[in-house]
Every structure is written in structure tokens, then in C-alpha cells.
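Structure first, then comments.
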Amino acid sequence: MGGVVVDGGAGGVKAPDGGWGWAVLAGCFVITGFSYAFPKAVSVFFKELIREFGVGYSDTAWISSILLAMLYGTGPLCSVLVNRFGCRPVMMVGGLFASLGMILASFSTSIIHIYLSTGVITGLGLALNFQPSLIMLNRYFSEKRPLANGLSAAGSPVALCCLSPLGQVLQYQYGWRGGFLILGGLLLNCCVCGALMRPLVGPKTPKAKDLELGKDGEKEALEGAEKPKAKLLDFSVFRDRGFVIYTVAASIMVLGLFVPPVFVVSYAKELGTEDTKSALLLTILGFIDIFARPTCGIIAGLKWVRPRCVYLFSFAMIFNGTTDMIGSQAKDYTSLVVYCVFFGISYGMVGALQFEVLMAVVGTEKFSSAIGLVLLMEAIAVLVGPPGAGRLLDATKNYQYVFLLAGVEVVLSALVLAISNCLFIRKKPLTPAGEVENTTATSDSKTEALSKTPPGPDEEEKGEKEEQEKETKKEEVEPESITVDSQEVERFLKEPQQNGGVATSPETCL
């Protein structure tokens, strides 16, 4: 686990590691930003929703929780749709769903309506964009995949830096209903990103060229015989110990990973901070996250780090959980700013590595099914995490316990991943250098001994036959290539006594 799988891409096509892949990376950047930043940016409207519908913190926390649960829980459905229809059409339909959900939410008359529109419909639309974009990124990049994952994951903090202040401005100018309507229009950009996901096509083989020249009936029959039906959802990934360990650890991690960004703004307001300055905390967190993710992607791509990226991922989770536990002791706005700086670094490391580790474990061919199953397992934890923290906040009226619990859960997931990887994942022993040298030396000695053995009678006969064939080939030269000297021909004609003899020069043998 943690080793890198170098694939040829989907359908045996080698990953280009560039070219149109950079356009795909740009689309993934935007999609990742909407998918991860949107549940956090919506938290800016929570206080207005509490006043509008007379609900508690735990009730509004369900909005972000349902969004994330749909993003994760519909993983198997996304895998089936991608394997059946491809990434591009699925993403374009998902963009329409994401926009429709926010537009319908602007007409809500109860918190239940927002659960169904923003949580379910928009969450489903974002899921239909997020998972296919990761699949396409994995197909377009192999050697540069850690860097590509880091750059793509940087879309989340960039979007968070933009959407959080934008949501605050929209709330003041147009209210939460007008803000939801405008955000729904922004989500239509997911359709544009989906149009960038051009499927990879391999070079034409001689068989394919022959099929194009042949009849249509024969072409369809041969293509049907060559291409077996692909599985819509491959459950064989559960036979891999590395995949099972990753799934368990990631499910525990998600319980506490998304809790602090949801509650940090409300935490600042509880300490008496202005609304604008409170929303600025998410901007600070996102700004630090922007640089942390690509930097971590570059580090993960180093030759001596990439085979051990699972341990780097464990370190990132320990860093994140420890930051949460220390940040729970914050008493003023300045301490919250310091907390957001360190949380942004650790959160960026986790975001850049979580899917890189999964890609390294299962490879390209099974990644479309593996990511769907992993997200399904994580959805249960996402559905419990933020609402459970909100319930704890309603009972204790103290944010300290919320951040402490989140930190403990993330640290526990790191310990499970690192310890299980050491105990249950065994690497294949490499052959020592001395043995390799001995094997090469013995092979060289064998070849020398064979070359020194005297030739047998059969080999002599073969040699004579080869010489005769060479002579016949020399004699069978085309007349056009023969150059005859005129003086030699005249000498030959003037000497009749030699006409019956055997010609010694091949030039006079006409």
C-alpha cells in the first residue's frame, strides 16, 4: 500500500501526462472547488436560516451534512453511470442538477425544503461532477499524477476564498433567497467543465485499419468479439488489503475532518467578532490551503517519497487532528486566525493526498469502481459527523468539545492507517545486487562456453549450404545492374580458342 501503480490508461491507452490533460486539469480545478467549498460556503447563511425558520444549530448543520453525504453516498451510482455512459455526459447532466437545486432552494418555505433542494438535488449534481472529474484526471496523468492531484485539489481553497465573502455580500444585498438564486447560476459552469472531459482514444492498430476497410457487418462482429462487456461496478477491490485499510481509515477521518470549517465562523461570532471578520476566517483558511496543496503534491511526487505516500498521508492527518485539539483552546479572534493558518496547511496536505493514495493502491482500471465504493463508506461518517457535532454543541453550549472531538477522530484514523499498513501489508522482497551479478556472470559464462564448443558435422553441412546459397544469389543478379567493359569483350571475341573453356570472370558470363 502506498506504492505507485503506473498504468497504461483506460482501454490500454497510455496517459499523455500533458497536452489536453491540462484542460482536463483546469476543469477538475473548478469542479473540486465547487464540490468541497460549497458545503462550507453555505454555512455563511446559517444564522439567517435560524432566524427565518426558528431552528437550532444542529438543524442547519444538516444542510452541509446532506450535501457532503450526497457527494459521497452516490459514489456507486456515479461509478455505474460513468462506466455506462462516460464522464462527459454524466458531468453535464450533473451541472444542470446542481444549478436546479439552488434555484429551487430560493423558494423554500421550511428547512425541510432546503434539505431536499440544496442537500439532495444540488448534492447529487455535484457528485455527478466530482467523481468523473477525478476519473478523467487519473486517466490523463500518470508520472505527473501527484502534481496534478495537488493542483486540482487547490480548487477547493480558491473557491472557498471567493464563495465565502461572496455569500456574505449576497446575503447583505439580496438576502439568503437572492444569494441562493445567484449561486445556482454560478453552478451552471459545471456544464462547461464537463464539456472539457474529452475521452482518450488510442492510436489505430493494423487490425483497426483493416476493420475500417472491411464491411460494416464484419466490423461490428469483430468489435463485439474483441471487446468483452465491462463491469458496471467492480467489487473485487475488496480483496485488496490496502484498499480495505484505506477505506476504514478514511471513514474514521471524515467524521471529524469537515467539522471545523463548518463551525469556525459561528465560533468567532460566539466570541463577539463581527460577521465580516468572522467570514474572513474561511478566506484565511482557504488562502493558506491554496499553497499547501500544490506544494504537498510536488513533495509527494519525489522519487523517494512517492512509494511511501501512505505514511505522508498519515502524518498529514496527525497534523490536522493535533491542530484541532490545540485550536479548541482559542479564546479570542487572534488565536482563531493562528488556528486557521495551521489548519489550512494540514487540511491542504490531507486534500492533496487522499485520492493520490487511493489511485496508487488500486490503479487506473479499478479506480472508477474503487472511488465510488470508498465514497459510499465515507458517506455514513459524513452524515453523522457535522450533525453529531451540532448536537454536542446544543447540549454543552461550548465549541471546545466540538473541536476536541474532531481532532481525536482524525488522529485515530491516522494511527489506524499507519499501524495497519505496517502490520498487514508486506512488500515483495527485492533480489540483492550480489545475486543479480552472480546470475549475469553465470549467464555470460554459459554463452562463452557455448561459443567455444567445436562445430559438429551437422553444423559444417549447414555452413556449406549457406555458402552455396550465397553464391547462387550472387549469380542471380539482374542484367540491368551489370557493367561490362567494351575492351574486355573485344579481347574475348578475338581469342576463339578460349571460347569452349570455363569463364573465370563473372563479367563475361553472359
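The values are calculated or read from the model by the stated rules, or taken from the named source; none is laboratory data. From a predicted model like this one, the values you see are computed outputs, not experimental measurements. Because the Cβ atoms are built from the backbone with ideal geometry, glycine has one as well, and the counts that use them run over all protein chains shown.
A few notes on this one:
- Of the helices (runs of 4 or more DSSP H) contained entirely in segment 224-311, those carrying at least 2 residues that are under 22 Å from residue 157 (Cβ atoms) and more than 24 Å from the chain's Cα centre (by Cα) fall at 259-270, 275-300.
- Residue in segment 129-150 that is farthest from residue 25 (Cα to Cα), counting only those that are modelled with pLDDT of 85 or more and small (Gly, Ala, Ser): 150
- Checked across segment 394-402, the condition of being in contact with a Gly (Cβ under 9 Å, 6 or more places away or on another chain), at pLDDT below 85 and either more than 20 Å from residue 50 (Cα to Cα) or part of a helix (DSSP H, G or I) (or both) holds for at least one residue.
- For beta carbons closer than 8 Å, sequence separation of 6+ or different chains, a first residue in segment 236-250 that is without any contact (Cβ under 8 Å) to a residue 12 or more places away in the chain and a second that is assigned to a helix (DSSP H, G or I) and surrounded by fewer than 16 Cβ atoms within 10 Å (Cβ to Cβ), the qualifying pairs are 244/238.
- Breaking point among (1) farther than 30 Å from residue 110 by Cβ; (2) at pLDDT 80 or above, for residue 70: (1)
The rows are residues; the columns are (1) surrounded by fewer than 16 Cβ atoms within 10 Å (Cβ to Cβ); (2) closer than 24 Å to residue 164 by Cα; (3) touching an Asp or Glu at 6+ places or on another chain (Cβ under 6 Å); (4) not aliphatic (A, V, I, L, M).
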site	(1), (2), (3), (4)
255	no, yes, yes, no
271	yes, yes, no, no
312	no, no, no, no
331	yes, yes, no, yes
335	yes, yes, no, yes
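- Residues (closer than 30 Å to residue 256 by Cβ, out of contact with any Leu (no Cβ under 6 Å at 6 or more places or on another chain) and part of a helix (DSSP H, G or I)) located in segment 92-117: 101, 105, 111, 112, 113, 114, 115, 116
- For residue 120, the criteria (1) part of a helix (DSSP H, G or I); (2) over 23 Å from residue 165 (Cβ atoms); (3) of a type in the set (Val, Ile, Thr); (4) without any contact (Cβ under 8 Å) to a residue 40 or more places away in the chain hold in every case but one, which is (4).
- Qualifying residue in segment 57-80 (condition: on the phi > 0 side of the Ramachandran plot and in contact (Cβ under 8 Å) with a residue 12 or more places away in the chain): no
- The set of residues in segment 229-282 being among the acidic types (Asp, Glu) and under 30 Å from residue 76 (Cβ atoms) consists of 234, 240.
- Taking (1) of a type outside the set (Val, Ile, Thr); (2) out of contact with any helix residue (DSSP H, G or I) (no Cβ under 6 Å at 6 or more places or on another chain); (3) at pLDDT 85 or above; (4) within 30 Å of residue 169 (Cα to Cα) in turn, residue 267 satisfies each apart from (2).
- Cβ pairs under 6 Å, 6+ apart, first in segment 176-192 and hydrophobic (A, V, I, L, M, F, W, C), second surrounded by fewer than 17 Cβ atoms within 10 Å (Cβ to Cβ): 176/48
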